[in-house]
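Readers should treat all values here as calculations from the given coordinates under stated rules, not as data from a laboratory. Predicted, not measured: the structure shown is a model, and the values here were computed from it. Cβ: placed from backbone, ideal geometry, glycine included. Neighbour counts: every protein chain shown.
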Amino acid sequence: MMLKYNQSEIYNQLEKVKYNSRSFSADKERIPLARAQLMVFNRKGERLGVLENADEPILEQEINSIDTLTFSLPFTDPKKEYIQNENYVQIADKRYIVRRINKIRSASTFEIQVYCEATWYDLQRSEPMKVWKWENATPAEMLYDMLDETDWNVGRVEIDQRRNLDLEESFVNRIKALRELPKVFDGELDFDTANNLVHFIKPIGKDSGASIVYRKNMEEIDAEYSTEELTTKLYLYGKENLSIKDAHPKGLEYIENYQYTKEKYVRVTKDERFTNPYHLYERGLYALDVLSKPVGSYIIKLADLSALTGLSHESFNLGDSVWVYDTELDLNERKRIMKWRYNVKRPWDTEIELENPRPTMSSLLTGIQEGDSFLQSEDAVQRDDMLNLSVFNLLLNSRADDGFSYWQNTGWEIDPMNGYSGNSSFKAVGEPGRKKELKQVVYPSHRDEYSISFRASTDNIQLGPNGKVGVYVTIKYEDGTEDDPVFIPLIEGES
């Protein structure tokens with residue numbers, strides 16, 4: 001048997017000005033998929049045209065697995081002549097090869113149906129690898145050998161662990177070899193088809209900032225919780241019955257994890273790829289951490305709202321983390337998109353599959369912080385109301401990543417160690433009789449309600465005579481008039 005790898009914040013609300021929290025992770029700029037046009041190229045890479053009449057362009061993708069594109073074209077479209085086997089189709093920054101063409105005619109249909117595969121599928125047709133055995137090697141070293149003498153190169157490698165890997169000589173194609181990497185290391189393959197690069201990245205994903213809420217953009221959800229593979233005691237063996245005794249601190253041949261139940265569920269597993277007991281032990285600990293608790297998976301039909309005006313913050317992509325909320329299912333947590341069926345032309349008709357995210361130290365610390373009592377504000381907004389807000393991040397340098405840029409500062413300082421969604425934060429130490437102020441002017445669009453994102457630690461604060469701790473909001477209009485400043489106190493009892 002083979003190891004199976006992987007499978008209350010408080011907010012302010014005052015009259016028409018609402019306040020909520022939001023965080024982001026930095027990531028490279030992406031080309032939006034929603035309503036992107038399909039372009040076709042010949043085998044030499046010469047552009048032939050844009051398939052503006054393509055219907056039902058569907059991307060089916062899964063992390064460490066499939067990547068295909070299907071679409072249909074009216075038989076009367078003059079550009080149908082461009083649809084030839086082995087021609088290229090590009091959508092956003094993704095390139096595919098036409099593999100199958102079906103011409104369908106019936107009483108109501110006369111169209112061409114096209115099936116395409118990502119260009120990296122051709123790696124399985126390359127010459128056999130010259131190296132198929134590695135000892136104490138990094139993912140980068142294995143990738144270089146697996147891609148040697150192909151049109152592909154090694155991209156970004158975020159993992160530097162070392163493992164042994166022994167594949168069957170001359171009988172393993174390069175795709176099969178590449179797919180062994182996520183099983184041996186804790187990582188994910190990412191194929192950059194625009195630049196012919198293979199990245200091997202940490203399985204973390206981008207925090208998209210999007211929320212999926214029933215009746216907002218969620219149409220249907222199928223939530224499954226399974227203990228079919230539940231294991232609390234795991235015996236591990238590698239090649240030639242290698243055990244983990246030499247690596248285990250107590251010299252045992254098994255590891256245990258009773259985080260979910262005290263019941264003993266035993267599994268014995270052997271993986272011939274492992275020839276080092278320390279590598280097998282390390283990987284086994286990770287596997288058992290997953291296997292020793294119920295596995296939750298979620299299939300959701302939803303609408304991608306990011307193409308609508310003012311909702312670009314609702315964009316998401318494969319591998320991203322999104323916030324999923326449904327009161328009746330008691331679901332209120334962040335999940336990663338592991339698989340999707342994305343309708344490019346009709347992004348409101350998309351299906352995604354979610355899995356439990358791998359916890360990181362950062363996420364665990366965040367979970368503790370969110371429960372701390374010193375994170376206070378005057379009024380509370382219900383979670384479902386908060387997620388249905390249209391959030392616009394207009395404050396610049398809101399996490400102090402760039403010092404005091406864009407801010408007018410009187411008496412504040414940068415705390416480089418205690419950021420919430422980033423590494424840093426703004427900090428003010430109170431002094432009797434002195435006013436300390438941090439100010440920024442933003443220029444929003446025309447709306448009736450606005451949201452201000454802020455999070456404040458008000459631990460051990462004692463107010464002096466006439467002392468105040470809070471946020472002033474002043475709204476000015478184009479005709480020069482302005483509303484009276486609104487003060488939102490952060491200390492109970494202030495006015």
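Bridge orientation summary for the range 126-201: considering DSSP beta bridges with both residues in this region, about 75 percent are antiparallel.
The alpha carbon gyration tensor of the range 228-291 gives principal lengths a ≥ b ≥ c with a/c of 1.5 or higher and a/b greater than b/c, which makes the shape prolate. Most simply put, the range 228-291 has about 40% antiparallel DSSP beta bridges, counting only bridges with both residues inside it.
Expected output is a single nm value to one decimal: the length gained when fully extending between ASN418 and ASN136, i.e. 0.36 nm times separation in residues minus the C-alpha distance. What is it?
97.7 nm
Of the peptides 154-167, 181-194, 252-265, the order by per-residue mean of other Cβ atoms within 10 Å, starting with the highest, comes out as 181-194, 154-167, 252-265. Farthest toward the positive end of the dipole of the range 33-188, out of GLY49, TYR115, THR68, is the Cα of GLY49, where the dipole comes from beta carbon charges about the Cα centre.
If the chain between ARG99 and TYR477 were fully stretched, how many nm would it gain, using 0.36 nm times the residue separation less the Cα-Cα distance?
Values: separation 378, 0.36 × 378 = 136.08 nm, distance 5.82 nm.
Length gained, ARG99 through TYR477: 130.3 nm.
Taking the centroid of alpha carbons for each part, the range 251-271 and the range 134-182 are 30 Å apart. Under the simplified labelling scheme, the TYR144-GLU228 pair shows an inter-label distance of 4.2 nm, with each label point 7 Å from Cα along Cα→Cβ. The length gained by stretching the chain between GLU81 and ASP166 to full extension, at 0.36 nm per residue less their Cα-Cα distance, is 26.0 nm.
Shown for the range 38-119 is the translational diffusion coefficient from the Stokes-Einstein equation, using the Kirkwood radius over Cα pairs, a temperature of 4 °C and a viscosity of 1.567 mPa s: 101 µm²/s.
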